[in-house]
1. Determine, yes or no, whether Leu62 is farther than 25 Å from Tyr149 by Cβ, surrounded by 12 or more Cβ atoms within 10 Å (Cβ to Cβ) and among the aliphatic types (A, V, I, L, M).
2. Can you go through Gly269, Gly202 and tell me which one is small (Gly, Ala, Ser), open to solvent by less than 60 Å² (accessible area, probe 1.4 Å), at pLDDT 85 or above and on the phi > 0 side of the Ramachandran plot?
3. Under 8 Å between Cβ atoms, which residue pairs at least 6 apart in sequence (or on different chains) link something in segment 321-341 that is touching a residue at least 40 places away in the same chain (Cβ under 8 Å) and within 16 Å of Leu357 (Cβ to Cβ) with a partner that is open to solvent by 40 Å² or more (accessible area, probe 1.4 Å) and more than 13 Å from the ligand (Cβ to nearest atom)?
4. Please give the number of the condition Lys103 fails out of (1) touching a residue at least 12 places away in the same chain (Cβ under 8 Å); (2) more than 28 Å from Gly152 (Cβ to Cβ); (3) of a type in the set (D, E, K, R); (4) surrounded by 12 or more Cβ atoms within 10 Å (Cβ to Cβ).
Amino acid sequence: MLVHKAYRYELDPNNSQKSSLFQHAGVARFAYNWGLEQRIMLFKSNQGTGQFTDAMKQHKKLNRLKKTCFPWMYECSKCAPQEALRNLDKAFRNFYRGRRTGKSVGFPKFKRRGVQDSFRMTGTIRFEGGYLQLPRIGKVRVKEKREGYHNGRILSVTVRRSADRWFVSITVEEELADPTSIQGPKVGVDLGIKTLATLSDGTTFPNPRALGRRLKKLKRLSRSLSRKKQGSKNREKVKLRLAKMYLKTSYIRQDTLHKLTTYLAKSHGTIVIEDLHVSGMMKNRKLSRAIADAGMYEFRRQLEYKCQWYGSQLVVASRTYPSSKTCSNCGNRKKELSLSEREYVCEACGIRIDRDLNAARNLVTVSLPETQTACGEDVRRCDSPGITMQTSAKQEPNISHGS
Ligand SMILES: [Zn+2]
């Protein structure tokens, strides 16, 4: 089985490489914004009734203009603008798909300097003894020293600047042994805010303590940022500190999630999770909540591809399935259960049980639908009430942390 994996490393560029990285990010941003402007003009003249251009056409047009109008683009690899236009194409396709399916996908926005600076490259990219060879930029030192960085063909790299550091995410095509289906137990997983995950067998995964501490600091910093004057030096300082803190926090979170999802996918035959209304949850303003929500989205994403890799089955219970309100002991269903009730007390059978454990135990009873869908199909509603099963083989590039 050929899979796409992504590995992330931090780069340690020297000064001239740094300016080249900035330059590439700048060219990518320019191409993206140029392409967007062109498309808006088209969109207006056609009343937005369809797609009238694509990344290829735009890239050809930009290449013609390069000689006369933007000669400075020659200083960078041609990949940067080309891939940026591809990203733009994807953003538009998402936007149009959202229109068709009634999902609210925003109209692509212009990129700003210094905000999510990034670019993607393809072509001859390879590791050489602790260095990453990039077209036009040269051999850039990689901060993590390892024996073999990965085995497989490098398809592309995305270089990104976060909190004033440079990172690469390398997409690699790897040959993975075809999974034999795992004969492990079935498990229900309830994700929470206080406890990261509660399993139906009683195992709990706490949130890393470092995360809690960081969240407090993050809160304090973001409050202090809001008090700083617009455009002041102090504001910039706090902003950078906040970005750094945020980056570290998200790494801790990501790492914990990888450990959890690997454990689940490797040693369980079937994993049942709840469907999450992610877009709705993301709107929640509370910071800790927002990060937890992002984690939930990431959790499912990781589980989806890891289950495929290791041969376990992922079942996603429908949003309407009342996993929290139902008693896992007798099946009695409560009408109301407030979020503050940490313990589930059943009026029918008298059981007292941790709220999350109760939900996880209910999830484990969600059965696999009789008509199993073959791999490669998208989400399909199944006969059993309230159950959606997903066995999608098509997905975003499989991102896994370098560990
Ligand atoms: Zn009961």
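The values are calculated or read from the model by the stated rules, or taken from the named source; none is laboratory data. Worth saying up front: this structure is predicted, and the values here are computed from it rather than measured. All Cβ positions, even for glycine, are placed from backbone atoms using ideal geometry, and neighbour counts span all protein chains on display. We work out accessible area using only protein heavy atoms, side chains counted, and drop any ligands, DNA or RNA first. Shrake-Rupley method; radii C 1.70, N 1.55, O 1.52, S 1.80 Å.
1. Against the criterion (farther than 25 Å from Tyr149 by Cβ, surrounded by 12 or more Cβ atoms within 10 Å (Cβ to Cβ) and among the aliphatic types (A, V, I, L, M)), Leu62 qualifies.
2. Gly202
3. Going by the 8 Å Cβ cut-off, the qualifying pairs are Ser323/Glu274.
4. Evaluating Lys103 over (1) touching a residue at least 12 places away in the same chain (Cβ under 8 Å); (2) more than 28 Å from Gly152 (Cβ to Cβ); (3) of a type in the set (D, E, K, R); (4) surrounded by 12 or more Cβ atoms within 10 Å (Cβ to Cβ) leaves (4) as the failure.
Conditions (1) within 15 Å of Leu21 (Cα to Cα); (2) part of a strand (DSSP E or B), marked per residue:
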site: Asn87; (1), (2): no, no
site: Phe92; (1), (2): no, no
site: Gln133; (1), (2): yes, yes
site: Ile154; (1), (2): no, yes
